[in-house]
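*Asks:* Got a structure here, written out as structure tokens. Questions coming.
What follows is calculated from the coordinates using simple rules that are stated; it is not laboratory data. Bear in mind that the values here come from a model prediction, so they are computed numbers and not experimental data. A quick note on method: Cβ atoms are made from the backbone with ideal geometry, for glycine too, and the neighbour counts reach across all protein chains shown.
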Amino acid sequence: MTQTVAVFGGSFNPPHIGHVLAAAYVLSVHAVDRVLVVPVFQHPFDKELVPFEQRLRMARLAMSPLPAVEVSDVERELSGESRTLYTIEKLLEQGGDRTLRLVIGSDVLTDLPKWHRFERIAELAPPIVLGRVGYPAKDLDLIRYGIHDEVPAAVLPEVSSTEIRSALRQGDAQTTDHGATHLLPTAVREYIADHGLYRS
């Protein structure tokens with residue numbers, strides 16, 4: 001039987017509770033069988049990231065409570081700068097009786113002109129757009145990019161990876177009441193502390 005797999009890519013630097021809730025939301029609301037979380041190998045806009053293997057491990061720790069979520073290392077094989085189209089094509093090459101959907105946040109919609117062949121991405125993996133606070137889509141011409149579904153209002157809490165990294169630089173990652181670190185899954189917070197990540 002054909003499975004529908006939602007592909008949820010990102011830096012996951014670090015993976016936080018917003019990512020976990022997004023995966024759970026997609027499983028609960030959309031007609032998908034599984035969510036495939038795909039950490040980028042190298043950010044296309046040259047953002048500084050902790051090593052891929054550590055982000056991969058943290059993503060697996062973060063998503064472990066959700067049995068229908070798998071974390072993929074597919075971008076290790078591609079290496080180099082991450083391009084969503086190449087990732088989607090590689091996943092399709094791997095075979096299996098499945099169709100793909102691509103999960104993106106409404107915060108990236110204004111950046112679609114910068115994406116490499118987004119219209120082709122939308123053909124191969126029709127997007128599921130998650131509404132994010134402060135990023136309405138009502139004035140955007142999304143049909144030209146192959147997005148035909150209505151973008152819902154924001155339903156997930158606003159969580160900032162930048163604020164989390166800042167909090168981690170300022171304090172002990174094992175505490176739950178320091179800045180934004182309470183927005184990290186416990187296993188991720190412990191991993192960060194054990195490996196000394198995101199310190200100044």
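*Asks:* Between [x] 11.1; [y] 15.7; [z] 13.1, which entry matches mean projected area of the Cα convex hull in nm² as derived from the coordinates of this structure?
*Replies:* Here the calculated entry is [x].
*Asks:* Can you tell me the Rg and the Dmax, both Å, for the Cα atoms in region 6-59?
*Replies:* Taking only Cα atoms of region 6-59, I get Rg and Dmax of 11.9, 35 Å.
*Asks:* Gain in length, E77 to S28, computed as 0.36 nm per residue apart minus the alpha-carbon separation, to one decimal in nm? Don't skip to the end; give the middle numbers.
*Replies:* Details: separation 49, 0.36 × 49 = 17.64 nm, distance 3.05 nm.
Answer, rounded to one decimal: 14.6 nm.
*Asks:* Separate question: Could you please state, rounded to a whole Å, how far the C-alpha centre of region 92-135 is from the C-alpha centre of region 13-49?
*Replies:* Value for the Cα centre distance between the two parts: 12 Å.
*Asks:* How do the peptides 96-107, 23-34 rank, highest first, by the average count of neighbouring beta carbon atoms within 10 Å per residue?
*Replies:* Sorting 96-107, 23-34 by mean packing, highest first, produces 96-107, 23-34.
*Asks:* Please identify the DSSP H helices in the chain that span no less than 15 Å along the helix axis (Cα) and have a mean Kyte-Doolittle hydropathy of 0.5 or more.
*Replies:* Helices meeting the span and hydropathy rule in the chain are 17-29.
*Asks:* Still on this structure, I have one more. Please give the residues of region 101-129, grouped as numeric ranges, whose backbone N is less than 18 Å from a label point set 7 Å along the Cα-to-Cβ vector of E70.
*Replies:* Counting only backbone N, you get 101-103, 125.
*Asks:* Using only alpha carbon positions, build the gyration tensor of region 51-131, then give the equivalent ellipsoid semi-axes as the square roots of 5 times its eigenvalues, largest first, whole angstrom.
*Replies:* Values: eigenvalues 90, 51, 46 Å².
In descending order the semi-axes read 21, 16, 15 Å.
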